[in-house]
């Protein structure tokens, strides 16, 4: 499943075959077909694992939020910390981007409109809008901005590196600068006091340590 994940992210769903997976994984084609049945079922199994992993990570972000923080601070922290993780671990956004190019059934797999976290974020947005009637937010616009920032870093890395080529040739530094653009936008959007705005020296400072996606996939196999 780890090999299949790498191939789907590198080549895209349409260009990957069971034969590709079996050859790179060093197992027989018939064994993979016996356990999974089809390439599509492997894709769904990986997606299930990534979905559970991302859900667990978002729960981790929420659990670390200050209990007495306002809705604006909580929405801000959720957005910027989630993007930090998406820049650090790009497989989920690669999967989503590839799914958009495929059948609607694949894309629909990533649209969670009724989950617990979705409801919590929507509740925070509603609370924020009540408290800030002159600066209301559409939560899907924030999600869209997050997707754009995450996907552009994963798919247009040479352009991102060129943006700060006069400052650094280190990818980690470029990712931090990229995150800082989103950070400033969200701090302004949610009217976050300057003393509450995050200002890390490395992106890794923002990423919580939980079970990695590969371990999640292993636990499913």
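Overview of values
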{"read-out": "Selection within region 40-80 - without any contact (Cβ under 8 Å) to a residue 40 or more places away in the chain, surrounded by fewer than 20 Cβ atoms within 10 Å (Cβ to Cβ) and in a helix (DSSP H, G or I)", "value": "40, 41, 63"}
{"read-out": "Of all residues making up region 175-197, the number that are within 13 Å of residue 75 (Cα to Cα) and touching a residue at least 12 places away in the same chain (Cβ under 8 Å)", "value": "10"}
{"read-out": "Matching residues in region 8-22 - criterion: being exposed (fewer than 13 other Cβ atoms within 10 Å of the Cβ) and without any contact (Cβ under 8 Å) to a residue 40 or more places away in the chain", "value": "10, 15, 19"}
{"read-out": "Where residue 186 falls short, out of the listed (1) loosely packed, with under 15 Cβ neighbours inside 10 Å; (2) at pLDDT 95 or above; (3) in a helix (DSSP H, G or I)", "value": "(1)"}
{"read-out": "Test: residue in region 39-52 that is closer than 25 Å to residue 126 by Cβ and modelled with pLDDT under 85", "value": "yes"}
{"read-out": "Check on residue 45, over 17 Å from the mean Cα position of the chain (by Cα) and under 21 Å from residue 94 (Cα atoms)", "value": "yes"}
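The values are calculated or read from the model by the stated rules, or taken from the named source; none is laboratory data. Keep in mind it's a predicted model, so treat the numbers as computed, not measured. Counting neighbours? That spans all protein chains shown, and the Cβs are built from the backbone with ideal geometry, glycine included.
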